[in-house]
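Worksheet: one structure, shown below.
Since every read-out is calculated from the coordinates, none of them should be taken as a lab result. Not measured: the values here are computed from a predicted model. Reconstructed Cβ throughout: ideal geometry from the backbone, glycine too, with neighbour counts over all protein chains shown.
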Amino acid sequence: MVMRISIAMGIKPRLRLDEVLRSQAAMLKNGIIWTMGLAIALTSGLAAVGAVAKDKAPQLAVSLQPVNGFASETLASNSLKAAVAANDGQFPNSVDPVAEALAKQAFLSEPVTPEAIAVLALGSTEGKKRELMHKALALSRRQQLVIGWMIVDAGTREDIPAILSHYDTMLRTSSSAASVVIPTMAGALANSNFVEPFAGLLSKSPPWASRFWGAVVTTPEAIENAAQLRGMLYADDEAKETYRDANLINALVNKKRFEAAENLYQLLTGKRKEASFLKNGSFELEPEYPPLDWQLYSNGEYGAAVAGGNLRLSAIPSSGGLFARQLVKLPSAILKISVEFDASISKDTNISIDIKCAEILDNAPRAISIPLEDKLTRLQISNQQSGCSFYWLEIVGRSADSGDGFDVVIESLSLQRQP
């Protein structure tokens, strides 16, 4: 498996993850792939640009006396980054002797040089390497070279909490990392093994949480695990603005994960099961999580709105279409539908309720259309042995070519089990 990741910072590495991860357990592979890819891309793409001579012209700084340890560190670090890029984005197994000498010089002159320690670590034995890298990390959590290696190391050890902890560090210490790290973390959530570790990290309300949820709802492969994660994090006193609940519910519906969307809706709203299988059939509340509650449509010619405890439908002459819809879960039973308007419907107004199965079934039941012609309409329908549980209930209409269009008001709409 080959993954190509390009970073706008300069170097464009290529990472062969199948070789790096060959020994890892298959169930963790997808999440670690993303993790490793990000770490190497960030590490090999770093470019040191500063405002002082040790960054702009380290060769000059090294030639001066006394020796500038930070300049030596920069040269050693740049050499390592170049080696990473030349090694298809992987950390090399050995360090160039010149770079190692510069790193030693840097450490002897300035013991607080984390990237120099990182270079020395990569030139050490396996047993010493991790110890030195941890010492480098203890000196500074802002060196992406060090954090990149820590992420790679955590990936090889399948230590998901450590991976996420290093991501958290990167996001807190680098304002430019979010554009790469956040989408990668959202992609990692496609692996169910990341759900609990994410819950542990997000329960601490990190400053990047809102941006993370914004990325998750646009990552289809992570949607189901995202719903599970959201349920684990739910609290009565939570800051709801952190989440993207309406978008998450809509994404679940688009992916036809209707049960998960319904469960999340019930959790968020805390609503008891109503007698009607329709939500907000009295139109007392503004829709908050469409299409689990009313999804309304409007354009310049026709539209629907919930106002004053009613559903108001309006259309100019010769216009119309879908005004409102709701995803409903229906039992296998005989059902009764009731619709009440505030006044009689004029003859040049065509309004109906269409009910059609939302699931993909080999033998899906036929859609039905119920014309609404009276102020009060009651009708029985059967969902027995249909094999379908989730339906779209749609309110559609059209005004006549002649006339003034229409303005009608629906006062209530219910769909109940027939006693």
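Can you give the net charge of the other residues whose Cβ lies under 13 Å from the Cβ of Asn383, counting K and R as +1 and D and E as -1?
So the surrounding residues net to +4.
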**OP:** Set the Förster distance to 30 Å, then compute FRET efficiency between Asp237 and Glu284 from the Cβ-Cβ distance, nearest 0.05.
**Re:** 0.75
**OP:** Would you kindly state how much longer the chain becomes between Arg130 and Ile368 on full extension, computed as 0.36 nm times their sequence separation minus their alpha carbon distance, in nm to one decimal?
**Re:** 79.0 nm
Subject >> Between the stretch 253-289 and the stretch 298-354, the Cα center-to-center distance that results, in Å >> reply: 19
**OP:** Pull out the extension gain between Lys375 and Leu361, defined as 0.36 nm times the separation in residues minus the alpha carbon to alpha carbon distance; nm, one decimal.
**Re:** 1.5 nm
Original post:
Taking 0.36 nm per residue of separation and subtracting the Cα-Cα distance, what length does fully extending Ser203 through Thr218 add?
Top reply: 3.2 nm
Subject >> Span from the the stretch 121-194 Cα centroid across to the the stretch 377-398 one, whole angstrom >> reply: 52
Subject >> Long-range HN-HN contacts of Ile345 with modeled amide H, under 5 Å >> reply: Lys375
Original post:
If you bin the C-alpha pair distances of the stretch 305-419 every 10 Å from 0, what whole percents do you get?
Top reply: 13, 43, 30, 13, 1
